[in-house]
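These notes concern the structure reproduced below.
The values are calculated or read from the model by the stated rules, or taken from the named source; none is laboratory data. What you see is a predicted model, and the numbers here were worked out from it, not measured in a lab. With ideal geometry, Cβ positions are generated from the backbone for all residues, glycine too; neighbour counts draw on all protein chains shown. SASA here: full protein model, heavy atoms, side chains in, ligands and nucleic acids out. Shrake-Rupley method; radii C 1.70, N 1.55, O 1.52, S 1.80 Å.
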Amino acid sequence: MAKVALIRVDYRLIHGQVVAKWLKDTQSTKIIIVNDVLAKDRTMGNIYRMATPAGVRCAIVSTGHFVDSWKTTQLGDGVAMVLFKDIETVYNAWKQGFDLKDLQIGGLGAGPGRKAVYQNMTLDEKDYKLLNELSRDVNIFFQATPEDNRKLYNSVAENISF
């Protein structure tokens, strides 16, 4: 059974902050990217694998494969950082049986219909509704870097309107 050190939603997936700060902070030995599109795209998958530091394994899997692995082996061995590109994917994994206790929200990008809700972190109405449902069972918080304080989702959500 792997120790899950961090479950993070960040549309950038593997980038400087994750490599330089979160891997060091969590002492993760592997990164698991859960994304149905990337799981089928060998070229983009290889780019993310090349961005992973030496000594850290990187797996890119579909939501279904991830949940099956969670149910059968608890994600294998080592210390895992699980990355999701978007709220919908982590929500779907949770609905399919991924038992998560804590969920960190990092960068979600900007775009039409998205509102900055905490620092530069944005949500759209769909994200907001999915997070509200998740927050009944999951401790959700915003945190960009390990040096930042965690900001609980529920304290932010009460001031959001769409």
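So here's what we get for this one:
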read-out: Test: residue in the range 149-159 that is of a type in the set (Asp, Glu) and either in a helix (DSSP H, G or I) or without any contact (Cβ under 8 Å) to a residue 60 or more places away in the chain (or both); value: yes
read-out: Residue list for the range 85-115, filter: open to solvent by 30 Å² or more (accessible area, probe 1.4 Å) and part of a loop (DSSP other than H, G, I, E, B); value: Lys85, Asp86, Gln96, Gly97, Asp99, Lys101, Ala110, Gly111, Pro112, Gly113, Arg114
read-out: Residue that is open to solvent by 20 Å² or more (accessible area, probe 1.4 Å) and touching a strand residue (DSSP E or B) at 6+ places or on another chain (Cβ under 9 Å), where the choices are Val56, Val82; value: Val56
read-out: Long-range neighbours under 6 Å by Cβ, at least six apart or interchain, first residue touching a residue at least 12 places away in the same chain (Cβ under 8 Å) within the range 56-67, second charged (D, E, K, R) and part of a strand (DSSP E or B); value: Arg57/Lys30
read-out: Qualifying residue in the range 127-144 (condition: out of contact with any Leu (no Cβ under 6 Å at 6 or more places or on another chain), touching a residue at least 24 places away in the same chain (Cβ under 8 Å), of a type in the set (S, T, N, Q) and assigned to a strand (DSSP E or B)); value: yes
